[in-house]
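The values are calculated or read from the model by the stated rules, or taken from the named source; none is laboratory data. This one's a predicted model, so the numbers in the text were calculated from it and none came from an experiment. Note that each Cβ is placed from the backbone with ideal geometry, even for glycine, and that neighbours are counted across all protein chains shown. The area values use the complete protein model at the heavy-atom level, side chains included, leaving out ligands, DNA and RNA. Shrake-Rupley method; radii C 1.70, N 1.55, O 1.52, S 1.80 Å.
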Amino acid sequence: MFNSRLIGKVASVHDLASSERSRMYDLMAENYDGVKKEAFEKDLDEKDDVILLRDNQNQQIQGFSTLMILEELVRGATTRALFSGDTIIDKEYWGDTQLEHHWGRYAFSLIDKNPEVPLFWFLMSKGYKTYKFLPVFFNEFYPRYDKPTPTYEQEVLDTFARKKFPLNYDSKTGLVLFEGKKDRLKQGVADIDERRMKDPYVKYFIERNPHWQQGDELCCIMPLRKDNFNRMALRVIGNNHN
């Protein structure tokens, strides 16, 4: 396991103390414009669990990621998706891998619990940093610049996107469109310069989501199978998973 200044823990959303919820909201407001407390609370309440990241000195929450399980029929078969909601880490702790470690263990537990039911990760990419998580840790994911999205995976993506965002999902573009009415990344959090545009994944993200600065989000899907986690991911998660 990599050295870390953070301590991670998975908690039920319904067990969160009011002080923890307040700190989570503050972290969102520090990194996003347009964050509304009522909307944040409502969004949080629909989730199942949350990965809390605390600094190992003062036990202050310095990051979190909310999680929920979705279930739908795709081609007549029960299909599940792990949906990641609000996710943020204080800038001082960027590069720490505790979030990836605990998220990976959470995903592996879902795979082990019900291996016969297809499971996917349904992710919304509001900025390039979220999208870049995919090629760093996964072998197969969509959409991507170097491969078309297979028909089945596109059906899975459309099914869950329509279910979760019936009024905002545009299947033609693969985007959830908020027209600037939802929170969006503050300037300086995930800015894109000429150097970053040389990365084909960053370039592709911008081409697919040209109005990301307004809060539009690119819908992404990837199979949650153990063989879809690459070597970097397995190192971060821990080598006791096969």
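Quick notes on this one:
- Ratio of the Cα radius of gyration of the stretch 1-143 to 2.2 N^0.38 Å, where N counts its residues: 1.07
- Net charge of Cβ neighbours under 14 Å - reference E140; Lys, Arg +1; Asp, Glu -1: +1
- Close amide H partners of G85, meaning residues 5 or more places away or on another chain with modelled amide H under 5 Å apart, are T66, L67, M68.
- Length gained when the stretch E30-T151 is fully extended (0.36 nm per residue, less Cα-Cα span): 39.6 nm
- Ranked by the mean number of other Cβ atoms within 10 Å of their residues, highest first, the peptides 149-158, 10-19 come out as 149-158, 10-19.
- Cα-derived Rg to Rh of the stretch 1-75, Kirkwood definition: 1.04
- Whole-number accessible area per residue in Å² for the chain, which is evaluated in the context of all protein chains at 1.4 Å: 51 Å²
- Unsatisfied cross-links (Cα-Cα over 30 Å) in the set K164/K226; K42/K203; K36/K129; K147/K198; K42/K147; K163/K198: K42/K203; K42/K147; K163/K198
- Amide H contacts of Q62 (H built 1.01 Å from N, under 5 Å, at least 5 apart or other chain): L53, R54, D55
- Taking a sphere under 12 Å around the Cβ of T151 and counting the other residues whose Cβ falls inside, with K and R at +1 and D and E at -1, yields a net charge of -2.
- To put it simply, the accessible area of the stretch 46-140 at a 1.4 Å probe is 46 percent carbon and sulfur.
- Solvent-accessible area of F133, all protein chains in place: 40 Å² (probe radius 1.4 Å, heavy atoms, ligands and nucleic acids excluded).
- Close amide H partners of W121, meaning residues 5 or more places away or on another chain with modelled amide H under 5 Å apart, are L82, M222, L224.
- The chain: proportion of alpha-carbon pairs further apart than 23 angstrom, %: 50 percent
- Listed residues D216, D199, D170, most fluctuating in the chain (Gaussian network, C-alpha, under 10 Å): D199
- Entry note, the chain: the mean residue ellipticity at 222 nm calculated from DSSP H runs of n ≥ 4, each adding -39500 (n - 2.57), is -10000 deg cm²/dmol after division by the residues and rounding to the nearest 500.
- Net charge in the neighbourhood of I51 (other residues with Cβ under 13 Å of its Cβ; Lys, Arg +1, Asp, Glu -1) is -2.
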